[in-house]
Structure formats: C-alpha cells, structure tokens
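Quick notes on the structure that follows.
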Amino acid sequence: MAAVNRILTASDIERILMRMACEIVEKHKAIDNMALVGIHTRGVFLARRIAAIISKTASSEPLTGTLDISLYRDDWSRISTNPVVRSTQLSFDVDDREIILMDDVLYTGRTVRAAMDAIIDFGRPKRIELAVLIDRGHRELPIEANFSGKYVKTSESQAINVLMAECDGEDGVEIMETVVNGGTNG
C-alpha cells in the first residue's frame with residue numbers, strides 16, 4: 001500500500017482559490033474580455049469555483065468553459081487504447097479573448113501544451129495564461145503558470161492527488177509514493 005500524506009485541507013484550498021481569484025482580478029481589471037477555461041476534469045471545477053469567487057467582488061461573472069484535451073495529448077495512445085473523451089464547451093468566441101486555462105496540477109507541461117493546441121483550434125486568443133492549484137515542478141516542456149496556488153516539491157516517484165468535492169466527495173490534496181510491481185517507483 002502506498003503511503004499517503006495529506007498536504008492541503010478543504011479550508012486550505014478555499015483560501016488558495018480566494019487568493020488566486022484576487023490575483024486574477026488584480027491583473028485583469030476588466031473581466032469582460034476574459035474567460036476561465038477548465039481542463040477536464042478537476043480544472044473544470046476549479047474554473048467554476050474561481051469564477052464564483054470573482055463574481056462576488058467584480059461587477060459581473062467571468063465567462064467559463066470546459067476543455068477536453070484527450071485527443072490532443074502526445075501520449076494518449078500510451079495512456080489508453082480507448083481514451084475517455086469528454087465534452088468541450090466554449091459558449092463564447094475565443095478570438096481576441098484573454099483565456100486563462102485552469103488545471104489542478106502542473107507537472108511535465110504536456111497537458112497544458114495539449115490544451116493550448118485545442119484552444120487554438122477554436123480561434124486565435126489575444127493571450128493564453130495558466131492557473132494551477134499545485135505546481136510540482138519536473139517540467140519536460142518550457143511551460144510556467146501565471147497563477148499558482150501552491151508549489152509542492154516532489155520527487156518523480158511521488159504522485160499528487162487532488163480531491164474535489166464535485167467528483168471525489170471531499171476537497172484535499174495528497175502526496176503519495178507511487179508503487180510499481182510491488183515496490184516503489186524510482
């Protein structure tokens with residue numbers, strides 16, 4: 001059994017999302033040309049939560065959308081022969097809009113690269129930025145978050161598990177040692 005260490009609680013996540021929402025509003029003073037686009041699955045819930053926080057302090061609620069990147073990944077055939085494809089919902093014009101991609105964990109950068117490719121298939125945004133709950137380092141691509149909730153130093157033998165009440169029944173962030181063939185990976 002893998003060792004699990006809870007590093008963030010529900011109240012920690014709530015506080016982090018409040019701070020991130022404030023940082024986004026401070027940088028994007030007018031939110032009328034901005035959209036928060038959540039990368040399936042947990043990025044969608046983060047985008048919705050941050051949009052709700054922003055709507056309480058700003059004059060309006062920012063646009064939100066969902067993005068499925070399954071078929072844009074360069075490793076989709078390694079992950080599964082039958083990828084689960086979810087819906088992409090962008091009810092707004094992407095052209096000349098400031099897009100903030102939302103994801104739960106930034107690791108290698110490959111998910112973000114795939115998300116940028118997917119967004120560009122819908123139009124030419126004015127700017128694409130990235131907001132993540134957890135940045136754990138170990139990039140394989142030169143990608144950096146504009147808004148980061150928490151940097152967590154990990155080894156490559158560890159995994160970050162973000163729990164969201166909407167799909168997991170509770171909020172939290174855990175670090176666990178990955179196990180491969182009965183032993184620890186690494």
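Just so you know, all these numbers are worked out from the coordinates, no wet-lab data involved. This is a predicted model, so every value here is computed, not measured. Note that each Cβ is placed from the backbone with ideal geometry, even for glycine, and that neighbours are counted across all protein chains shown.
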Placed amide H near THR178: partners under 5 Å, 5+ positions off or other chain: GLN158, ALA159, ASN185
0 to 90° range, to nearest 10: angle between helix 110-120 axis and the chain longest Cα axis: 30 degrees
Folded to 0 to 90 degrees: helix 42-57 orientation relative to the chain principal axis, Cα: 40 degrees
For ILE69, residues with placed amide H under 5 Å, excluding near neighbours: HIS40
Note, ³J(HN,Hα) from phi for the range 125-141, Karplus 6.51, -1.76, 1.60, rounded to Hz, x at Gly and Pro: x, 5, 7, 10, 10, 10, 10, 10, 6, 10, 10, 10, x, 6, 5, 9, 10
Share of Cα-Cα pairs in the chain lying beyond 30 Å, as whole percent: 17 percent
Dipole magnitude (debye, nearest 20) for the chain, charges at Cβ of Lys, Arg, Asp, Glu: 200 debye
Dmax and Rg, reported as Rg then Dmax, of the range 90-136 (C-alpha, Å): 11.0, 32
Amide hydrogen neighbours beyond the local backbone of SER148, cut-off 5 Å, H modeled: VAL132
Under Karplus coefficients 6.51, -1.76 and 1.60, residue-wise ³J(HN,Hα) of the range 23-36 in Hz, glycine/proline x: 5, 5, 5, 4, 6, 10, 3, 9, 8, 5, 10, 10, 9, 9
Longest segment of the chain lacking trypsin sites (Lys or Arg not before Pro) that sit in a DSSP loop with at most 16 other Cβ atoms within 10 Å: 30-85
The range 78-141 and the range 23-72: distance between their alpha carbon centers, rounded to Å: 13 Å
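If each DSSP helix of 4+ residues adds -39,500 (n - 2.57) and the sum is divided by the residues in the chain, what number results at 222 nm, nearest 500 deg cm²/dmol?
Details: 5 runs with 53 residues, N = 186.
Rounded to the nearest 500, the figure is -8500 deg cm²/dmol.
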